[in-house]
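A quick write-up on the structure given underneath.
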Amino acid sequence: MRGAILKDWSIATAASLVLYMTGFALPILTLPAMFVYSLPTVFLAFGGGFFCSLSSALFSSISIGLMVSGVYGLTCFFMFGLPGVLMGYMAGKGGKSGGLLVASASVEFAGKLAGVLTLYVFFGLNLLTPGAEEIERYLNLFGAPSADPAITREIVNRVVLLIPYSMIFFSTMEAAICLLFASAIQKKRTGEVFFILPPFSEWTFPKNVLFPLVVGFICAQITKSRENLYLMRLMGVNLSELSRTILIVQGLSCACFFMERRGVPRLFRIAAIICTPFIPPLGDILAIVGVTDMGFNVRERIRRA
């Protein structure tokens, strides 16, 4: 048994080192690799236990710190290593997949905040409020309307405001991807599955997600006339965007339900799910569909009919 755990520990640690170095050495792969940075420690914590996975995360981070830089190793530990350990530990305790995903996303988000704090302590770099000039320069490089500085500045301000939302969104994506992959590996090895998402056409969210939307709307109305209330504006924008995303997902799920009942080909359904949210008018329509489904439980009523 110890030999098997040692083998898993070695494989997980080596995988973490490869992923971290790949993201550091090849910037083009940094974003894709970030979605699975936590995977080795998630899998190891589920099978080998909390301290086994924690020792792997520490060893990987220290090794990266010695090879690259101490700060990079520290941020890897806080942002990916430790969250992976906690996610795998929680998965090993059992429970419903929905609750596990919410808890895992929260852990990932907390890890990102710890990483941001680490960068701020060592370099004075606050990723939550980056320099607008830097963002503006990148926007101009990628074709932003530099002829109209007012439009560019508005885009910059919007990007800065939505950084917390972006962190929550990517944390949730990372948690879901790592749990799905770790569960698939576990199933292949032992036949045991610990994380299963329901079919997309069955996804629903509790009605209390409408509360952040209301709070965000109130904050937005207050800060229209008082722009000096930056923290309230920040909270309002991010709560509104987070609620809107949830409603769009529920609207897409409802639309997928109807497409399945109509026998729409699977390939077309997947294409619609991927592309539709990026078309602004359709995104708003989907949010309305999501609110309607959430309030009146449309799919359940149709099933009963």
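Residue by residue through region 156-198, note down the ones that are in contact with a Ser or Thr (Cβ under 9 Å, 6 or more places away or on another chain) and outside any helix (DSSP H, G or I).
GLU192, VAL193, PHE194, PHE195, ILE196, LEU197, PRO198 - these are the residues of region 156-198 that are in contact with a Ser or Thr (Cβ under 9 Å, 6 or more places away or on another chain) and outside any helix (DSSP H, G or I).
Could you tell me which of the residues LEU231, LEU282, LEU286 is under 25 Å from the mean Cα position of the chain (by Cα), over 30 Å from GLY48 (Cβ atoms) and modelled with pLDDT under 80? Explain how you work it out, then say what you get.
Details: LEU282 fails: modelled with pLDDT under 80; LEU286 fails: modelled with pLDDT under 80.
Exactly one of LEU231, LEU282, LEU286 is under 25 Å from the mean Cα position of the chain (by Cα), over 30 Å from GLY48 (Cβ atoms) and modelled with pLDDT under 80, namely LEU231.
Considering each residue of region 92-116, count those that are in contact (Cβ under 8 Å) with a residue 12 or more places away in the chain and either under 22 Å from TYR20 (Cβ atoms) or charged (D, E, K, R) (or both), and give that number.
12
Would you check which residues across region 237-260 are out of contact with any Leu (no Cβ under 9 Å at 6 or more places or on another chain) and either surrounded by 15 or more Cβ atoms within 10 Å (Cβ to Cβ) or touching a residue at least 12 places away in the same chain (Cβ under 8 Å) (or both) and list them? Spell out the reasoning first.
Here is the first cut: in region 237-260, the residues out of contact with any Leu (no Cβ under 9 Å at 6 or more places or on another chain) are 245, 253, 256-260.
Residues satisfying the conditions are THR245, SER253, CYS256, PHE257, MET259, GLU260.
Just to be sure, is SER183 assigned by TED's automatic domain parsing to the domain that holds PHE80, surrounded by 11 or more Cβ atoms within 10 Å (Cβ to Cβ), modelled with pLDDT of 85 or more and among the polar types (S, T, N, Q)?
Values: assigned by TED's automatic domain parsing to the domain that holds PHE80: yes; surrounded by 11 or more Cβ atoms within 10 Å (Cβ to Cβ): yes; modelled with pLDDT of 85 or more: yes; among the polar types (S, T, N, Q): yes.
It is true that SER183 is assigned by TED's automatic domain parsing to the domain that holds PHE80, surrounded by 11 or more Cβ atoms within 10 Å (Cβ to Cβ), modelled with pLDDT of 85 or more and among the polar types (S, T, N, Q).
Among the candidates GLY236, GLY263, single out the residue that is on the phi > 0 side of the Ramachandran plot and among the small types (Gly, Ala, Ser).
On the way: GLY236 fails: on the phi > 0 side of the Ramachandran plot.
None of the other options fit; the residue is GLY263.
Filter region 273-287 down to residues that are in contact with a helix residue (DSSP H, G or I) (Cβ under 7 Å, 6 or more places away or on another chain) and either without any contact (Cβ under 8 Å) to a residue 60 or more places away in the chain or not assigned by TED's automatic domain parsing to the domain that holds ILE302 (or both) and give me whichever is nearest to PHE217 (Cα to Cα). Break it down stepwise before answering.
If we filter region 273-287 for residues that are in contact with a helix residue (DSSP H, G or I) (Cβ under 7 Å, 6 or more places away or on another chain), which is where we start, we get 273, 276-277, 282-283, 286-287.
Restricting the remaining residues to those that are either without any contact (Cβ under 8 Å) to a residue 60 or more places away in the chain or not assigned by TED's automatic domain parsing to the domain that holds ILE302 (or both) gives 276-277, 282-283, 286-287.
Details: THR276: 24, PRO277: 21, LEU282: 21, GLY283: 18, LEU286: 19, ALA287: 15 Å.
Among those that are in contact with a helix residue (DSSP H, G or I) (Cβ under 7 Å, 6 or more places away or on another chain) and either without any contact (Cβ under 8 Å) to a residue 60 or more places away in the chain or not assigned by TED's automatic domain parsing to the domain that holds ILE302 (or both), it is ALA287.
Can we say THR30 is assigned to a helix (DSSP H, G or I), surrounded by fewer than 18 Cβ atoms within 10 Å (Cβ to Cβ) and assigned by TED's automatic domain parsing to the domain that holds THR172?
Details: assigned to a helix (DSSP H, G or I): yes; surrounded by fewer than 18 Cβ atoms within 10 Å (Cβ to Cβ): yes; assigned by TED's automatic domain parsing to the domain that holds THR172: yes.
So THR30 passes the test.
When region 166-180 is examined, which residues are found to be crowded, with 16+ Cβ neighbours inside 10 Å and of a type in the set (S, T, N, Q)?
Hits for region 166-180 are SER171, THR172.
Take the conditions at pLDDT 80 or above, in a helix (DSSP H, G or I), touching a Leu at 6+ places or on another chain (Cβ under 9 Å) and not hydrophobic (A, V, I, L, M, F, W, C) and apply them to GLY216. Does it pass? Explain how you work it out, then say what you get.
Working: at pLDDT 80 or above: no; in a helix (DSSP H, G or I): yes; touching a Leu at 6+ places or on another chain (Cβ under 9 Å): yes; not hydrophobic (A, V, I, L, M, F, W, C): yes.
Here the answer is no, as GLY216 does not meet what is asked.
Quick check on region 265-279. Is at least one of its residues touching a Leu at 6+ places or on another chain (Cβ under 8 Å), more than 16 Å from PRO199 (Cβ to Cβ) and assigned to a helix (DSSP H, G or I)?
Looking for residues that are touching a Leu at 6+ places or on another chain (Cβ under 8 Å), more than 16 Å from PRO199 (Cβ to Cβ) and assigned to a helix (DSSP H, G or I), one finds at least one in region 265-279, hence yes.
Can you work out which of the residues in region 69-113 that are surrounded by fewer than 18 Cβ atoms within 10 Å (Cβ to Cβ) and aliphatic (A, V, I, L, M) is farthest from THR172 (Cα to Cα)?
My answer is VAL71.
Going by what's in this entry, would GLU192 be described as acidic (Asp, Glu), at pLDDT below 75 and either surrounded by 13 or more Cβ atoms within 10 Å (Cβ to Cβ) or within 20 Å of PHE43 (Cβ to Cβ) (or both)?
On the way: acidic (Asp, Glu): yes; at pLDDT below 75: no; either surrounded by 13 or more Cβ atoms within 10 Å (Cβ to Cβ) or within 20 Å of PHE43 (Cβ to Cβ) (or both): yes.
Criteria not met by GLU192.
Could you check region 199-208 and list, in sequence order, the residues that are loosely packed, with under 11 Cβ neighbours inside 10 Å and either hydrophobic (A, V, I, L, M, F, W, C) or not in a loop (DSSP other than H, G, I, E, B) (or both)?
Within region 199-208, the first condition is being loosely packed, with under 11 Cβ neighbours inside 10 Å, and the residues that meet it are 199, 206, 208.
ASN208 - this is the single residue of region 199-208 that is loosely packed, with under 11 Cβ neighbours inside 10 Å and either hydrophobic (A, V, I, L, M, F, W, C) or not in a loop (DSSP other than H, G, I, E, B) (or both).
The values are calculated or read from the model by the stated rules, or taken from the named source; none is laboratory data. A quick note: this is a predicted structure, and the numbers were derived from the prediction, not measured. Virtual Cβ from ideal backbone geometry, glycine too; neighbours counted across all protein chains shown.
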